[in-house]
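All of the numbers you see were taken from the coordinates with simple rules; none came from a lab. Here the structure is a predicted model, which means the values were calculated and not measured.
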Amino acid sequence: NAGVMQNPRHLVRRRGQEARLRCSPMKGHSHVYWYRQLPEEGLKFMVYLQKENIIDESGMPKERFSAEFPKEGPSILRIQQVVRGDSAAYFCASSPGLAYNEQFFGPGTRLTVL
Amino acid sequence: KNEVEQSPQNLTAQEGEFITINCSYSVGISALHWLQQHPGGGIVSLFMLSSGKKKHGRLIATINIQEKHSSLHITASHPRDSAVYICARTLFGNEKLTFGTGTRLTIIP
């Protein structure tokens, strides 16, 4: 049973470009969470999704950021018109969706905006 | 004030020492999580607990619900335990994690 997969592991973008980060949850997991870790800072929640639904996006910036988790395929975190302040490590985690279940983390995508 | 507070922020100890990292939180929780982030950045879930105590190898996690406090203990510490240890909480009805600021642990041989 493969773990949570994220790709790419490293992504370099120039200011103004788009970044697409992908997360494939563990088999059987229907809940996905995206977290961001800015340089030298702690982890912060961004968005919580179930298949085809956004459950909680309270941690996601209102502009330029969007997330989806389609019926088929990975969850996508999309950042439009990236700025230098978007440079961070983006982690996704998945869980089976039952209450009080452990979250399993992917290896992260390290985004660098030049 | 952070919703999840950890102490100490940094901890350096000699190999073999008993390590304690503390975590306190401000509201009732559904579960308290302890995570380990390696120098390479990967995050591993160590424990999820809502009461009592759990043990895995040399790691022990305890929680006191009344006092809203949890501790992570490492017995017979080893240099490979060097990492950032993060506590996080989830609330009833929403399983997103709210994280403490982390404790950077360095074990010296």
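Normalised Debye scattering of the protein assembly as shown at q = 0.17 Å⁻¹ gives log10 I(q)/I(0) of -1.22, counting only Cα atoms as equal scatterers and leaving out solvent.
On a per residue basis, the convex hull of the C-alpha atoms belonging to chain B measures out at 94 Å³. Ellipsoid fit via the Cα gyration tensor, the range B:26-72: semi-axes of 21, 13, 8 Å, each the root of five times an eigenvalue, largest first. Close Lys pairs in the protein assembly as shown, defined as Cα atoms under 20 Å apart and 8 or more places apart or on different chains, number 15. Over all Cα atoms in the range A:1-96, the spread is summed up by Rg and Dmax: 12.9, 38 Å.
Computed over the range A:11-114, relative contact order equals 36 percent, with contacts defined as Cα pairs under 8 Å that lie 6+ residues apart.
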